[in-house]
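Working notes for the structure below.
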Amino acid sequence: MLFKQQALLRQKLFVLGSLAIGSLLYLVARVGSLDRLQPLCPMDGRFGPRSQEEIPLRALQFKRGLLHEFRKGNATKEQIRLHNLVQQLPKAIIIGVRKGGTRALLEMLNLHPAVVKASQEIHFFDNDENYAKGIEWYRKKMPFSYPHQITIEKSPAYFITEEVPERIYKMNSSIKLLIIVREPTTRAISDYTQVLEGKERKNKTYYKFEKLAIDSNTCEVNTKYKAVRTSIYTKHLERWLKYFPIEQFHIVDGDRLITEPLPELQLVEKFLNLPPRISQYNLYFNATRGFYCLRFNIVFNKCLAGSKGRIHPEVDTSVVTKLRKFFHPFNQKFYQITGRTFNWP
Ligand code: A3P
């Protein structure tokens, strides 16, 4: 009888032990890596040089779950106070360039546990009506974050809008500025494709790219066409340099971000003085989409919306050649100023 009871007890203990080990293994697998199981500790001085060991980061899992709820507005004031959550002005802004890959860059940086993105384009500095509402309005547009995290927003129109550099300077003269660029002719065609799609959605007709990009009177490149002007990166950058030294800018290669995102993101982490936390685990190539998608953990991953990665219309090769020739000297100047060279023709 006693022997039978002992055997039963042993059996129960075995089942309980297996359950505990199983749960632990599941937890480890779910967060993807042990790195994300680090204890929660505050961290400050985001932009000061610190060794990797010194910087404790919250679990991605924790950041995603809780912050997501707060961002959706599901938090009570008490919860916000309890978790010490704040709406902080951005420490870094992706100022452009439109169609350079600004959304992909923001979403990929948001994989970093110390980064919290503003989901919407705020258009504070380029829109007079918004700007007139004041800096507190801007701050209130920012997502909730922990004090040790940094907020990043992107509004690509900032790069080309005259008043923006001075306005950002007045807010924070030491802010970090990110510019993502693509080969200028491809970027211009991507810009055109976006506008074309908008017209088609409204059942409107639109000109061919060739007609817009080339002045029919002179047969030269039409510099009045916005998609062309936006791709003259050096002209816009020179305006910014009246307010900020070149060290405050980081240029991201948008073409490389498509084909090989990790090294580009690692350069940004370095520029922002963040410990390297985005890994190959967080990025996987989706053959159906033809782009890299984001993996937060074993259960949560996402690709960018279908509006990112449109099929471009065929453009007459002589027009492409003309545009590439036109951009060439501006590109050279851009390389010279930024110290970053691209394989653009
Ligand atoms: P195309 O639609 O011309 O391919 P932005 O976000 O600034 O509007 O830039 C859009 C561009 O981001 C897209 O241009 C696409 O090529 C590029 N991109 C870069 N990485 C991407 C990714 N992982 N998924 C989708 N698009 C990406």
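FRET efficiency for residue 211 and residue 328, Cβ-Cβ distance as r, R0 = 22 Å, nearest 0.05?
The computed FRET efficiency comes out at 0.45.
Stick to the Cα atoms of segment 251-324, pair each with every other, and give me the Kirkwood hydrodynamic radius in Å at one decimal.
The answer is 14.6 Å.
Quick check for me: using +1 on Lys/Arg Cβ and -1 on Asp/Glu Cβ, what's the dipole size of segment 101-213 about its Cα centre, in debye to the nearest 20?
Around 260 debye, computed over segment 101-213.
Pick out, in residue order, every one of the chymotrypsin sites (Phe, Trp or Tyr not before Pro) in segment 171-244 that is DSSP loop and has at most 16 other C-beta atoms within 10 Å; say none if there are none.
206, 207, 243
Using DSSP to call loops (not H, G, I, E or B), can you name the trypsin sites (Lys or Arg not before Pro) in segment 220-257 whose Cβ has at most 12 other Cβ atoms within 10 angstrom? Show your work: numbers first, answer last.
Details: sites: 224, 226, 229, 235, 239, 242, 256; in loops: 224, 242.
Those satisfying the criteria are 224, 242.
Sort 219, 293, 303 by heavy-atom solvent-accessible area, probe 1.4 angstrom, most to least. Could the numbers behind the result be given before it?
Details: 219 75, 293 0, 303 45 Å².
Most to least solvent-accessible, the answer reads 219, 303, 293.
Using a/c under 1.5 as the rounded threshold, could you call segment 92-172 rounded, prolate or oblate? The axes a ≥ b ≥ c are square roots of the C-alpha gyration tensor eigenvalues, and prolate needs a/b larger than b/c, oblate otherwise.
On the way: a/c = 2.07, a/b = 1.24, b/c = 1.66.
Oblate.
Accessible area of residue 246, 1.4 Å probe, to the nearest 10 Å²?
Using a 1.4 Å probe on the heavy atoms, I get roughly 50 Å².
Among the listed pairs 235/322; 91/235; 242/325; 91/302; 141/176, which have their C-alpha atoms separated by more than 22 angstrom in this model?
91/235; 242/325; 91/302
For the pair residue 316 and residue 76, how long in nm is the line joining their label points, each one 7 Å along Cα→Cβ?
6.7
Separation between the residue 281 and residue 341 pseudo-spin-labels, each 7 Å from Cα along Cα→Cβ, expressed in nm?
Once both label points are built, they end up 3.7 nm from each other.
Which aspartates and glutamates have a Cα less than 17 Å from the Cα of residue 117, not counting those fewer than 8 places away in the same chain?
69, 107, 153, 269
The values are calculated or read from the model by the stated rules, or taken from the named source; none is laboratory data. Note that this is a predicted model, so its numbers are computed, not measured. All Cβ positions, even for glycine, are placed from backbone atoms using ideal geometry, and neighbour counts span all protein chains on display. Protein only, heavy atoms only, side chains kept; ligands, DNA and RNA dropped before computing areas. Shrake-Rupley method; radii C 1.70, N 1.55, O 1.52, S 1.80 Å.
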